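Enquirer: Pasting in a structure now, in structure tokens, and then I'll have a few things to ask.
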Amino acid sequence: MSLPAHIASASASPGTRLPTYALVGNPNCGKSTLFNALTGMKQKVGNYPGVTVEKKVGTTFSQHGQPITVIDLPGAYSLAARSPDEAVTRDVLLGRRADTQQPDRILCIIDATNLERNLYLVHQILDLGRPVIVVLNMMDLAEKAGLNIRAARLEHELGVPVIPCEAVRGKGLVELRVAMSRHDLPLSRHAWEVPAPISAAVAELQASLTRNDLKSPLIARAEALLLLTDQDSIRVAGSTPLSPQTAEILQGWKTKWEGQGTDWAAVLVNSRYDAIGRIAADVVLRAGDQGPTTSDKIDAVVTHPVWGWVTLGAVMTLLFLSIFTFAEYPMNWIDDHMASLGDWVKGAMPPGDLRDLVTDGAIAGVGGVIIFLPQILILFFFIGLLESTGYMARAAFIMDRLMSKVGLNGKSFIPLLSSYACAIPGIMATRTIEEPKDRLVTILVAPLMSCSARLPVYLLMIAALLPGDRVPTWSKVGLMLLMYMLGTVGAFAFAWLFKRTLLKGAPPLMIMELPPYRLPAVRDVAFHMFERAWIFVRRAGTVILGISIILWFLSAYPKAPDTATPTEQIAQSFAGRAGHLIEPAIRPLGFDWQIGIGLITSFAAREVFVSTMSVVFNAGSDDADTAPLRQALLAAHWPDGRRLFTPLVCLTLMVFYVFAMQCVSTVVVVRRETNSWRWPLFQIGYMTGTAWVVCFLVFQVGRALGY
């Protein structure tokens, strides 16, 4: 395999200190995939804009085996930051962040199918005057689209190495590693003349930033251009304030141009695009009119005002149908082995508190949750598949029509879609939203989307609500869809309310790229699926195990007389006393003190409710599978003999978990993202209050109707 001349002649001496590279590019350019391929350090890889919301650090190796640090920065369209994630990229490149060393060199990833749009960011980065390597990614897709990208010509125009690449297949990685090993990377020779009406202002601001703000001349010129492109970009949190002298010069020019009616930002942006357009026209050769692409033909259906909704509904129905059908056999396998483990422990240990702790506390508690692992795997497999193929962006596009009715746009629905898996990454993904009020509203409503932690609770309640193997699967799927729909409608309703009261503002227009459809990267989807499953298992083996053991102790002590029944023992225990304490507040919802224990413990993690019920109702005493737990729930009664877990109570409990803020980890993340306890406390209050009111209405109306 022959290498380009600029690589073939490269030779980094073994003793040379290798630099730190920053990996930058537009959202959806394949940056995260390339980062994984270079470093072997895995992270979530999606096919919609904004999936990487934090910088990631990994290590790759030069052609001589020496380590090279690579910082994966959030996707950005421009250094004139409009959102928190773009601000991170800008500040790292400009050396403004104290927590990240300014990188020596920069890898610019370009989507070859959208060369002109991607070159805008590259053009800005070349202004920084640092060594740059441009990676032309997705060359195979460009070829299929009838585009011939002349990489050598682009390299000549920009004056920096340009490496054609297909990150998904690993093509071009050898050439890229060799280029990264060079210690003599050239600086860009690209020439871009600032428009005459603006050039004097750039020169004066550059001199002031160099003299008064202690910037290097090249960084000072780049920041001067950013100030004039977006005058607010330098005053984002974490940035160094302008010196009074620089601020005065900037304001003077703005006042002058406003008097002349000059749109200085538009002049700069248009001039830069003119320069980029000339480069693209010389570099990109098109093979005539190719007609509609495959992506265009698919989009004609999946983004259609009618068929788009039908497609989205079919995808969601398939997801939940799979959860109930494909997971049945592995769930039975887990059932059998957990039951065998419990029987083995009982046969190997003498009777006593220690054996009860292991069987009724640890095995019953963890077993009651771990059985839902197959459903969790299926859920994350589907989410990874939708992201990897490109459909997730289409779902956001479809939802934009609905989101605009509540004061948000489709960009807010991307974090909400992620929250179906877990609210924590969903909340973190709000950093891609430019408008602060829209970002805050999205954070406040994201936990209303039914996450995977609610899945064990829903499945247990559905099993108790619709007992028996003869119940049609479609009825279970329909009930599950109802819970997800209820959470989604609740999120939209509160977004509408907040946008008209606490956080008033006009809905922003959504400008969003729809990436071409791609075959799913099976390895990335599988890794994402097992990564999330491992988090679930790890939590089952740590948090849930610990809570189950503590709960067993609280339900076993203080000891009741030997003649007491198991129910009497729990009733007078520490856990029973806590449940009795809150029973007056939850009794109008149809819940008793035993359910109250589950509500208290599940604030640590929603799925803990299942293990709590296993311990409280002693469902693990004979077997560790869910059948005894379901039977124990069906056999539970009020003191007057009335059945406790009636269909109405099971439905009310599911509704409670749709709305209640039962996740301390989410509270912590909201505190971090909003930098205040005000909003997470408000979130706990409005969600818990809503859960109580809605459940009160469901139970009381249902009881009045005779259910």
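Enquirer: Is there a residue in region 408-425 that is among the basic types (Lys, Arg) and at pLDDT 75 or above?
Expert: no
Enquirer: OK, next. Within region 421-503, considering only helices (runs of 4 or more DSSP H) that don't extend past its boundaries, which have at least 1 residues that are farther than 24 Å from LEU629 by Cα?
Expert: Counting at least 1 such residues, we get 423-428, 436-445, 473-500.
Enquirer: Could you run through region 644-678 and say how many residues are part of a helix (DSSP H, G or I) and closer than 20 Å to VAL608 by Cα?
Expert: 17
Enquirer: Let me ask something additional. Going through region 64-77 one residue at a time, which ones are part of a loop (DSSP other than H, G, I, E, B) and in contact with a Leu (Cβ under 6 Å, 6 or more places away or on another chain)?
Expert: Our first condition is that a residue be part of a loop (DSSP other than H, G, I, E, B); within region 64-77, this holds for 64-66, 73-77.
The one that is part of a loop (DSSP other than H, G, I, E, B) and in contact with a Leu (Cβ under 6 Å, 6 or more places away or on another chain): GLN66.
Enquirer: Here is a further query. If a residue has to be modelled with pLDDT under 85 and within 23 Å of ARG394 (Cα to Cα) to count, how many in region 482-522 make the cut?
Expert: Counting residues in region 482-522 that are modelled with pLDDT under 85 and within 23 Å of ARG394 (Cα to Cα) gives 16.
Enquirer: A further question on this structure: Take region 383-420 and flag every residue that is part of a helix (DSSP H, G or I) and touching a Cys at 6+ places or on another chain (Cβ under 9 Å).
Expert: SER419
Enquirer: Pick from region 52-102 the residues that are β-branched (Val, Ile, Thr) and in contact with a Phe, Trp or Tyr (Cβ under 8 Å, 6 or more places away or on another chain): which of them is surrounded by the fewest Cβ atoms within 10 Å (Cβ to Cβ)?
Expert: Step by step, filter region 52-102, then rank; the result is THR69.
Enquirer: Follow-up. Just name the residue that is nearest to PHE494 (Cα to Cα) out of those in region 680-692 that are under 23 Å from the mean Cα position of the chain (by Cα) and surrounded by fewer than 18 Cβ atoms within 10 Å (Cβ to Cβ). Full working, then the answer.
Expert: Pass one, region 680-692, residues under 23 Å from the mean Cα position of the chain (by Cα): 680-684, 687.
Then keep just the ones that are surrounded by fewer than 18 Cβ atoms within 10 Å (Cβ to Cβ); that gives 681-682.
Details: LEU681: 16, PHE682: 13 Å.
Selected residue: PHE682.
Enquirer: A follow-up question, please. Kindly indicate whether any position in region 445-467 is touching a helix residue (DSSP H, G or I) at 6+ places or on another chain (Cβ under 7 Å), more than 30 Å from GLY367 (Cβ to Cβ) and either of a type in the set (S, T, N, Q) or crowded, with 24+ Cβ neighbours inside 10 Å (or both).
Expert: The answer is yes, given that some residue of region 445-467 is touching a helix residue (DSSP H, G or I) at 6+ places or on another chain (Cβ under 7 Å), more than 30 Å from GLY367 (Cβ to Cβ) and either of a type in the set (S, T, N, Q) or crowded, with 24+ Cβ neighbours inside 10 Å (or both).
Enquirer: Just checking, does region 196-211 include any residue being under 38 Å from the mean Cα position of the chain (by Cα) and either crowded, with 16+ Cβ neighbours inside 10 Å or modelled with pLDDT under 85 (or both)?
Expert: Looking only at region 196-211, we keep the residues that are under 38 Å from the mean Cα position of the chain (by Cα), and these are 209.
Checking which are either crowded, with 16+ Cβ neighbours inside 10 Å or modelled with pLDDT under 85 (or both) leaves us with 209.
Looking for residues that are under 38 Å from the mean Cα position of the chain (by Cα) and either crowded, with 16+ Cβ neighbours inside 10 Å or modelled with pLDDT under 85 (or both), one finds at least one in region 196-211, hence yes.
Enquirer: Quick one: is SER388 in contact (Cβ under 8 Å) with a residue 40 or more places away in the chain, within 26 Å of THR311 (Cβ to Cβ) and buried (at least 21 other Cβ atoms within 10 Å of the Cβ)?
Expert: Here the answer is yes, as SER388 does meet what is asked.
Enquirer: Can you go through THR59, THR89 and tell me which one is of a type outside the set (A, V, I, L, M), at pLDDT 85 or above and under 13 Å from ARG177 (Cα atoms)?
Expert: Among THR59, THR89, only THR59 is of a type outside the set (A, V, I, L, M), at pLDDT 85 or above and under 13 Å from ARG177 (Cα atoms).
Enquirer: Being in a loop (DSSP other than H, G, I, E, B) and within 35 Å of the chain's Cα centre (by Cα) is the filter; apply it to region 565-614 and report the residue that is modelled with the highest pLDDT.
Expert: If we take residues in region 565-614 being in a loop (DSSP other than H, G, I, E, B) and within 35 Å of the chain's Cα centre (by Cα), then PHE591 is modelled with the highest pLDDT.
Enquirer: Another question about this same structure. Would you pick out the residues in region 636-656 that are more than 35 Å from the chain's Cα centre (by Cα) and either at pLDDT 95 or above or of a type in the set (Phe, Trp, Tyr) (or both)?
Expert: Answer for region 636-656, where residues must be more than 35 Å from the chain's Cα centre (by Cα) and either at pLDDT 95 or above or of a type in the set (Phe, Trp, Tyr) (or both): TRP638, PHE645.
Enquirer: Identify the single condition in (1) loosely packed, with under 15 Cβ neighbours inside 10 Å; (2) at pLDDT below 90 that LEU141 does not satisfy, given that it satisfies every other one.
Expert: (1)
Enquirer: Also, I was wondering about something else. For THR317, state whether it is in a helix (DSSP H, G or I) and within 25 Å of VAL522 (Cα to Cα). Please lay out each step first, then the result.
Expert: Details: in a helix (DSSP H, G or I): yes; within 25 Å of VAL522 (Cα to Cα): yes.
Yes: the conditions hold for THR317.
Enquirer: Do you know which of the residues in region 548-564 that are aliphatic (A, V, I, L, M) and assigned to a helix (DSSP H, G or I) is farthest from MET654 (Cα to Cα)?
Expert: Result: ALA556.
Enquirer: On the given criteria, is ILE443 within 25 Å of the chain's Cα centre (by Cα) and not basic (Lys, Arg)?
Expert: So ILE443 passes the test.
Enquirer: Something else: Hey, could you check region 257-286 for residues that are assigned to a helix (DSSP H, G or I) and charged (D, E, K, R) and say which is nearest to ALA112 (Cα to Cα)?
Expert: Going through the qualifying residues, I end up with ASP282.
Enquirer: Kindly establish whether ILE149 is β-branched (Val, Ile, Thr) and more than 32 Å from the chain's Cα centre (by Cα). Talk me through it step by step, then tell me what you get.
Expert: On the way: β-branched (Val, Ile, Thr): yes; more than 32 Å from the chain's Cα centre (by Cα): yes.
It is true that ILE149 is β-branched (Val, Ile, Thr) and more than 32 Å from the chain's Cα centre (by Cα).
Enquirer: With in contact with a Gly (Cβ under 8 Å, 6 or more places away or on another chain) and outside the structural domain of GLN66 (by TED's automatic domain parsing) as the only criterion, which of PRO186, PRO164 stands out?
Expert: PRO186
The values are calculated or read from the model by the stated rules, or taken from the named source; none is laboratory data. From a predicted model like this one, the values you see are computed outputs, not experimental measurements. We place every Cβ from the backbone using ideal geometry, glycine too, and count neighbours over all the protein chains shown.
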